[in-house]
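Have a look at the structure below, then the notes.
The values are calculated or read from the model by the stated rules, or taken from the named source; none is laboratory data. Computed from a predicted model, the values in this text were never measured in an experiment. Heads up, the Cβs are rebuilt from the backbone with ideal geometry, glycines too, and the neighbour counts pull from every protein chain shown. Protein only, heavy atoms only, side chains kept; ligands, DNA and RNA dropped before computing areas. Shrake-Rupley method; radii C 1.70, N 1.55, O 1.52, S 1.80 Å.
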Amino acid sequence: GRLWLFALLVGLWEIATRAVADPVFPPPSQIVRTLYETWFSGAVSDFFLTQEARDDFRPSLTNLFAGWTIASVAGVALGLVLGRFRAVGDVLEPVLHFGRSVPPPTLLPFLLAVLQLGAQLQITTIVFGVIWPVLLNTIDGVRTVDPLHLETAKVFGIGGTQRLRRVILPAAAPKILAGLRTSLGFALILMVISELVGGTIGIGAHIILAQQTAEMNQMWAGILLLGVLGALFNLVFQLLEKRVLAWHVGAKRLAS
């Protein structure tokens, strides 16, 4: 129902850019054509991906998901511990909020000095930037578990990993998933930033090279590609979230 608004905005964009005829702002039709020709005009056997697409997508997406996975696992694990042991969490809370408040791009000069250019730098940047929403949401989710459910589990002799799996995780799942979803968006942003600063390959490096060589169609095509990837990641995560939370509702009923 909202597609008409999107189509209207794109139509106005097309008309305005053609009227202005500024090479810095190409019409969306040219941007889409460049996007297709650069990355998606390959052979059917290669899933329509060109060689340039494979060269750009492989390092970018590998670093993105490696960093996001490391941050997610570490954030959830540490969040479960700090959420359950409130005294430790309270002591560390100022440190956690300080770490969250440091913009990850400001660490790039330091990381450039101590790490090699490439995957190591990019993954480290992503991990530092995206661990905080996962960690803090997990702590918050664990702390909001209904004490009655915990007491009931204790009465029935459910402890240790069983209590974690059947009571704590189902109750904390919505907030954990919210943190994971937010962090995935941050991971995409930090992937691009780290490639703009310290990368020679990848989507971000492609965009900065296009800007430096005044290939505006290529630059805008890269920006459009990132927008499409962000929307696709969000859609896939929404579908996954629905499935997981369906399990969460059932498990919560069993726990209660």
> Once phi is turned into θ = phi - 60°, what whole-Hz ³J(HN,Hα) does the Karplus curve with 6.51, -1.76 and 1.60 give for every residue of the range 102-112, x standing for Gly and Pro?
Replying inline: 7, x, x, x, 5, 8, 4, x, 5, 5, 5
> Which value, in Å², gives the accessible area per residue of the chain when a 1.4 Å probe is used on the protein heavy atoms?
Replying inline: 57
> So what is the 222 nm mean residue ellipticity for the chain from helices alone, if each DSSP H run of at least 4 adds -39500 (n - 2.57) and you divide by all residues, rounding to the nearest 500 deg cm²/dmol?
Replying inline: -27500 deg cm²/dmol
> What whole number of Å gives the distance from the Cα centroid of the range 27-50 to the Cα centroid of the range 101-178?
Replying inline: 38
> Taking H as built 1.01 Å from N, whose amide H comes closer than 5 Å to the amide H of Phe40, not counting residues under 5 places away?
Replying inline: Thr50
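With +1 on the Cβ of every Lys and Arg and -1 on the Cβ of every Asp and Glu, and nothing else charged, how large is the dipole of the chain about its Cα centre, in debye rounded to the nearest 20?
In total the dipole reaches around 1320 debye.
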> How much accessible surface area, in Å² rounded to 10, belongs to the heavy atoms of Asp55 with a 1.4 Å probe?
Replying inline: 70
> Largest first, what is the accessible-area ranking of Phe65, Phe98, Phe48 with a 1.4 Å probe?
Replying inline: Phe98, Phe48, Phe65
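Whenever you get a sec, compute what percent of the accessible area on the chain sits on carbon and sulfur atoms (1.4 Å probe).
The C+S portion of the solvent-accessible surface of the chain is 70 percent.
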> Gaussian network model of the chain, Cα springs within a sub-10 Å range: biggest mean-square fluctuation belongs to which of Val102, Val197, Val20?
Replying inline: Val20
> Under DSSP H, which helices of the chain have Cα atoms covering 18 Å or more of the helix axis and a Kyte-Doolittle average no less than 0.5?
Replying inline: 3-20, 119-143, 169-198, 216-255
>> Sorting check: for 176-183, 121-128, 85-92, which peptide has the highest mean count of neighbouring beta carbons within 10 Å, and how do the rest follow?
In response: 121-128, 176-183, 85-92
